[in-house]
1. Across the range 156-173, which residue is modelled with the lowest pLDDT among those that are loosely packed, with under 12 Cβ neighbours inside 10 Å and charged (D, E, K, R)?
2. So which residues in the range 148-164 are free of Cβ contacts under 8 Å to residues at least 12 places away in the same chain and in a strand (DSSP E or B), if there are any at all?
3. Checking the conditions here, which among ASP65, ASP102, ASP118 is of a type in the set (Asp, Glu), under 22 Å from ILE154 (Cα atoms) and over 16 Å from the mean Cα position of the chain (by Cα)?
4. Which residues, counting only those in the range 130-142, are out of contact with any strand residue (DSSP E or B) (no Cβ under 8 Å at 6 or more places or on another chain) and in contact (Cβ under 8 Å) with a residue 24 or more places away in the chain?
5. Is it the case that LYS93 is modelled with pLDDT of 90 or more, open to solvent by 100 Å² or more (accessible area, probe 1.4 Å) and assigned to a strand (DSSP E or B)?
6. List the pairs whose first member sits in the range 59-85 and is over 15 Å from ILE23 (Cα atoms), whose second member is part of a helix (DSSP H, G or I) and modelled with pLDDT of 85 or more, and whose Cβ atoms are under 7 Å apart, counting only residues at least 6 apart or on separate chains?
7. Look at GLU13 and say whether it is free of Cβ contacts under 8 Å to residues at least 40 places away in the same chain, outside any loop (DSSP other than H, G, I, E, B) and surrounded by 12 or more Cβ atoms within 10 Å (Cβ to Cβ).
8. Please go through the range 25-58 and give me each residue that is at positive phi and open to solvent by less than 100 Å² (accessible area, probe 1.4 Å), ordered by number.
Amino acid sequence: MIKRNQNLPTINERIRFPEIRVIDTEGDELGIMAPKEAVEIAKERELDLVLVSDKANPPVCRVMDYGKFKFEQQKKQRKARKNQHTSKVKEVKMRYKIEEHDYNVRVNRAEKFIKDGDKVKATITFRGRERQHEDLAEDLLKRMASDLKETADIQQAPKREGHRMMMLLAPKK
């Protein structure tokens, strides 16, 4: 049993429609014709017949250099991937008994992350009996959110998870 490769491009002899609308390299319409005639026209010009839209009635084909067309598509995809910025989650860790200078360092780091377009997860860790001071940790996270209010929005309010409390900040749009 022979399997047909569905991933092959629909060009030249692979176009299986009774009639197609043909457009030449300059964008002028050559008319509606049988695929065999269109392939002959493309061969005369030493180009390929490429199926552009099979949803139209009749399907639209274009006479063009397929290798060049494929290269241009790949180039566009590479450029789109390069310009795409994925947002990462950066973490700033501290304890609720943090000193003022250390706190300012954490705020500055968080602000840098946010300006780079990343989200910031501020985490306060509790050890032993420190878990009783949940209110102090929540106040510290709220203070951090107010210090960063020009550049960031709170995406997730301060929330307790086991032996830590966390808050998620996202860049303002």
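The values are calculated or read from the model by the stated rules, or taken from the named source; none is laboratory data. Here the structure is a predicted model, which means the values were calculated and not measured. Note that we place each Cβ from the backbone using ideal geometry, even for glycine, and neighbour counts take in every protein chain shown. Each accessible area value is taken on the protein alone, full model and side chains, heavy atoms only, with ligands, DNA and RNA left out. Shrake-Rupley method; radii C 1.70, N 1.55, O 1.52, S 1.80 Å.
1. LYS173
2. ALA157, LYS159, GLU161, listed by residue number.
3. ASP102
4. Once the filter is applied, which keeps residues that are out of contact with any strand residue (DSSP E or B) (no Cβ under 8 Å at 6 or more places or on another chain) and in contact (Cβ under 8 Å) with a residue 24 or more places away in the chain, the range 130-142 yields GLU130, ARG131, HIS133, LEU136.
5. yes
6. none
7. no
8. Listed by number, the residues that qualify are GLY27, GLY31.
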